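Below is one structure; the comments refer to it alone.
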Amino acid sequence: MSHLLEKIYSDYDRFAWFYNLYWGPEFCSPALTIYNILLFPHIPAGARVLDLCCGTGQIAAGLLDRGYRVTGLDGSAAMLRFARENAPEAEFIQADARTFKLPGTFQAVLSAFDSLNHLMELEELTTVFRNVYEVMEQESIFLFDLNIEDESELAGQSLDMVEDDHACIVRGSYNQFKKLKRYDVTMFQLEDDEWQRSDLTLYQRYYDNEEVLGALADAGFRRVKTYDARREFGFTLSDGRMFYLARK
C-alpha cells in the first residue's frame, strides 16, 4: 500500500479496537436480520459474497455461518487483523474500495454500516459503484446502507463509554450546508499500568437519495430498490438510514 493510502487509513487503524469491541457487534445482529429479508433468500447456497469495507469482520462471520464463501475487503490493516480473528475461514484483502480489482466474480456484494458515507465526493462513490459492478455476476445483488440526513443530525450527538481499562468519548456534529458529519473521538487505553490517549477525527458525507440513485445508474445499475431502515425494519441504531438493493 502506498504512503498516501497508509496516511488515509491511519485513523481507522487507531479506531479499530473500539470498533471491534462496540460498533461492529452492535450493528451485526440487526443488519443480519435485514439481510434475512433482502439478501439471503435471493442468492444461492454457497454463493461467493464480497463484504466491501468489511471492518472487523462481524458481518463476514455471520455470512460464513450461513454457508457463504466470503471475501472481505478493507483499507485498514488493523481492522483486518480483527476480522481475521473474528472470521478465520473468510478471505481478507487489504485494498481501497475506490481502486480495487479482484479475480473472479461474486453472486452478491454488500457494504454494511454506512461504510460508503466515508467517501467524501460523489465522484468517489460513483467509482466504487463501478468497481462493484465489474466484479458482479449477471443477476447478482449489491446491497448497502447509508446514513441519511434527518432532524436528529442537527442536534448533534455524543457517546461516552468508560470501563476499567479503557474509555472512549465520541462527539458528533453535523454541517447541514456541507452535508458533512464529523466525529471527534478521544480514546484512552490502559497499557502496562499507564493510560495511553489517542485523538482522531472521522468524517462522513451524507448524500441525497437522487445523488445515490444517479451514481448507481452511471455505474450501470438499472434496477434499484430503496428501504427506509427505521420505517420498514424498525432499525433503531440510527434515525436516518437507507438500504439500497441494486441488481446487475
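Collect the residues in the range 157-187 that are touching a Cys at 6+ places or on another chain (Cβ under 6 Å) and loosely packed, with under 14 Cβ neighbours inside 10 Å, keeping them in residue-number order.
Across the range 157-187, the qualifying residue is only M161.
Which residues, taken from the range 32-61, are among the small types (G, A, S) and surrounded by fewer than 21 Cβ atoms within 10 Å (Cβ to Cβ)?
A45, G46, listed by residue number.
Can you report the number of residues in the range 155-174 which are at pLDDT below 90 and touching a strand residue (DSSP E or B) at 6+ places or on another chain (Cβ under 6 Å)? Quick ask: steps written out before the conclusion?
Step one: list which residues in the range 155-174 are at pLDDT below 90, which gives 155-159.
Of the ones still in play, those that are also touching a strand residue (DSSP E or B) at 6+ places or on another chain (Cβ under 6 Å) are 156-159.
Qualifying residue count for the region: 4.
The conditions are (1) acidic (D, E); (2) more than 20 Å from L237 (Cβ to Cβ); (3) assigned to a helix (DSSP H, G or I), and E89 fails exactly one of them. Which is it?
(3)
Please work out which residue is farthest from the chain's Cα centre (by Cα), limiting yourself to the range 82-106 and to residues that are of a type outside the set (F, W, Y) and within 16 Å of W23 (Cα to Cα).
Among residues in the range 82-106 that are of a type outside the set (F, W, Y) and within 16 Å of W23 (Cα to Cα), the one farthest from the chain's Cα centre (by Cα) is N86.
Within the range 103-111, identify whether any single residue is aromatic (F, W, Y), out of contact with any Gly (no Cβ under 6 Å at 6 or more places or on another chain), surrounded by 12 or more Cβ atoms within 10 Å (Cβ to Cβ) and farther than 22 Å from R241 by Cα, and answer yes or no.
Residues of the range 103-111 aromatic (F, W, Y): 106.
Adding the requirement that they be out of contact with any Gly (no Cβ under 6 Å at 6 or more places or on another chain) leaves 106.
Those left that are additionally surrounded by 12 or more Cβ atoms within 10 Å (Cβ to Cβ): 106.
Then keep just the ones that are farther than 22 Å from R241 by Cα; that gives 106.
Yes, because at least one residue in the range 103-111 is aromatic (F, W, Y), out of contact with any Gly (no Cβ under 6 Å at 6 or more places or on another chain), surrounded by 12 or more Cβ atoms within 10 Å (Cβ to Cβ) and farther than 22 Å from R241 by Cα.
Which of the residues spanning the range 190-202 are surrounded by fewer than 14 Cβ atoms within 10 Å (Cβ to Cβ) and either touching a helix residue (DSSP H, G or I) at 6+ places or on another chain (Cβ under 8 Å) or not in a loop (DSSP other than H, G, I, E, B) (or both)?
Residues satisfying the conditions are L190, E191, E194, W195, Q196, R197, D199, T201.
Scan the range 222-248 for residues that are within 17 Å of the chain's Cα centre (by Cα) and among the basic types (K, R) and jot them down.
Passing the criteria: only R241.
I need every pair where a residue in the range 120-133 that is touching a residue at least 40 places away in the same chain (Cβ under 8 Å) and of a type in the set (S, T, Y) has its Cβ under 7 Å from the Cβ of a residue that is surrounded by fewer than 23 Cβ atoms within 10 Å (Cβ to Cβ) and in a helix (DSSP H, G or I), sequence separation at least 6 or different chains.
Within 7 Å, the pairs are T126/A215; T126/D218; T126/A219; Y133/A219.
Output yes when any residue across the range 166-183 is within 19 Å of L73 (Cβ to Cβ) and of a type in the set (A, V, I, L, M, F, W, C), and no when none is.
No, that holds for no residue.
Just to be sure, is V109 more than 28 Å from E149 (Cα to Cα), under 18 Å from the mean Cα position of the chain (by Cα) and of a type outside the set (F, W, Y)?
Details: more than 28 Å from E149 (Cα to Cα): no; under 18 Å from the mean Cα position of the chain (by Cα): yes; of a type outside the set (F, W, Y): yes.
No, not satisfied.
Take the residues of the range 36-75 that are out of contact with any helix residue (DSSP H, G or I) (no Cβ under 8 Å at 6 or more places or on another chain) and part of a helix (DSSP H, G or I): which is farthest from E134 (Cα to Cα)?
The selected residue is D65.
Which ones in the range 62-94 are among the small types (G, A, S), crowded, with 17+ Cβ neighbours inside 10 Å and in contact with a strand residue (DSSP E or B) (Cβ under 9 Å, 6 or more places away or on another chain)?
Once the filter is applied, which keeps residues that are among the small types (G, A, S), crowded, with 17+ Cβ neighbours inside 10 Å and in contact with a strand residue (DSSP E or B) (Cβ under 9 Å, 6 or more places away or on another chain), the range 62-94 yields G72, G75, S76, A83, A87, A90.
Got a sec? Which strands (runs of 3 or more DSSP E) wholly within the range 96-189 have at least 2 residues that are of a type in the set (S, T, Y)?
It comes to 166-175.
Only one of E134, E149, E91, E139 is acidic (D, E) and within 25 Å of K181 (Cα to Cα); which?
The conditions single out E149.
The values are calculated or read from the model by the stated rules, or taken from the named source; none is laboratory data. Keep in mind that what you see is a predicted model, and the values were worked out from it rather than measured. As a convention, Cβ positions derive from the backbone with ideal geometry for all residues, glycine included, and neighbour counts pool all protein chains shown.
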